[in-house]
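Below you'll find the structure, written out as structure tokens, and then a few comments.
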Amino acid sequence: MMLEIRAEAGFLRATATGEFSMEEAKRTFLEMLDAVAHHRAEKILMDGRKLKGEPKTIERFLYGSFAAHAVATHLKRGAPRAPQFAYVLHEPVLDPQRFGETVAVNRGMWVKSFDNLGDALEWLGWAPASQANEVTHGSP
């Protein structure tokens, strides 16, 4: 998996491409958290619409648990508040039942998964729905 992270006004935009693997997903999440700390970002858009693969249920559980634990550690190191994560994915990487999201939320992470960019941007509070839809069709 490849990860590109850009700092934008008040948030981070991470774009992941390639084939999903648990090891790479953990590595890229820690990369995102490092960028969160470096830029003091509070909102993160993780655009994984170009990711390929079909994570197994256990992988969804393990990733959600890992991410929540990593955020908790981030907070213990002095971060002022929990970052808000929006994941934009397509099935089958996106689980229609949002199991990994549920695991992470139940462990204290502020995260939500989406199947479109506009809804993710709106949830993060970055743009009204009309502007978010324009971003979806234009270049990010």
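Pairs meeting the criteria (first residue in segment 102-113 and touching a residue at least 12 places away in the same chain (Cβ under 8 Å), second residue surrounded by 17 or more Cβ atoms within 10 Å (Cβ to Cβ) and of a type in the set (Phe, Trp, Tyr), beta carbons under 6 Å, at least 6 apart or on different chains) are 111/85; 113/87. For segment 5-36, the tally of residues that are free of Cβ contacts under 8 Å to residues at least 12 places away in the same chain, open to solvent by 70 Å² or more (accessible area, probe 1.4 Å) and of a type in the set (Asp, Glu) stands at 2. Checking each residue in segment 8-32 for being at pLDDT 95 or above and of a type in the set (A, V, I, L, M) picks out 12, 14, 16, 22, 25, 30, 32.
Can you tell me which residue among 77, 81, 60, 107 is open to solvent by 40 Å² or more (accessible area, probe 1.4 Å), modelled with pLDDT of 95 or more and of a type in the set (Lys, Arg)?
Answer to the check: 107.
Taking first residues from segment 37-65 that are assigned to a loop (DSSP other than H, G, I, E, B) and partners that are aliphatic (A, V, I, L, M) and open to solvent by 70 Å² or more (accessible area, probe 1.4 Å), no Cβ contact under 9 Å between residues at least 6 apart in sequence or on separate chains turns up.
Considering segment 110-126, the residues that are crowded, with 17+ Cβ neighbours inside 10 Å and within 21 Å of residue 19 (Cα to Cα) include one that is nearest to the chain's Cα centre (by Cα), namely 113.
Take residue 99 and decide whether it is modelled with pLDDT of 95 or more and farther than 16 Å from residue 13 by Cα. So residue 99 fits the description; yes.
Mind listing whichever residues of segment 13-64 are touching a Gly at 6+ places or on another chain (Cβ under 6 Å) and not aromatic (Phe, Trp, Tyr)?
Listed by number, the residues that qualify are 16, 19, 60, 64.
The values are calculated or read from the model by the stated rules, or taken from the named source; none is laboratory data. Here the structure is a predicted model, which is why all the values come from computation and not from measurement. Every residue, glycine among them, receives a Cβ derived from its backbone with ideal geometry; neighbour counts consider all protein chains shown. We work out accessible area using only protein heavy atoms, side chains counted, and drop any ligands, DNA or RNA first. Shrake-Rupley method; radii C 1.70, N 1.55, O 1.52, S 1.80 Å.
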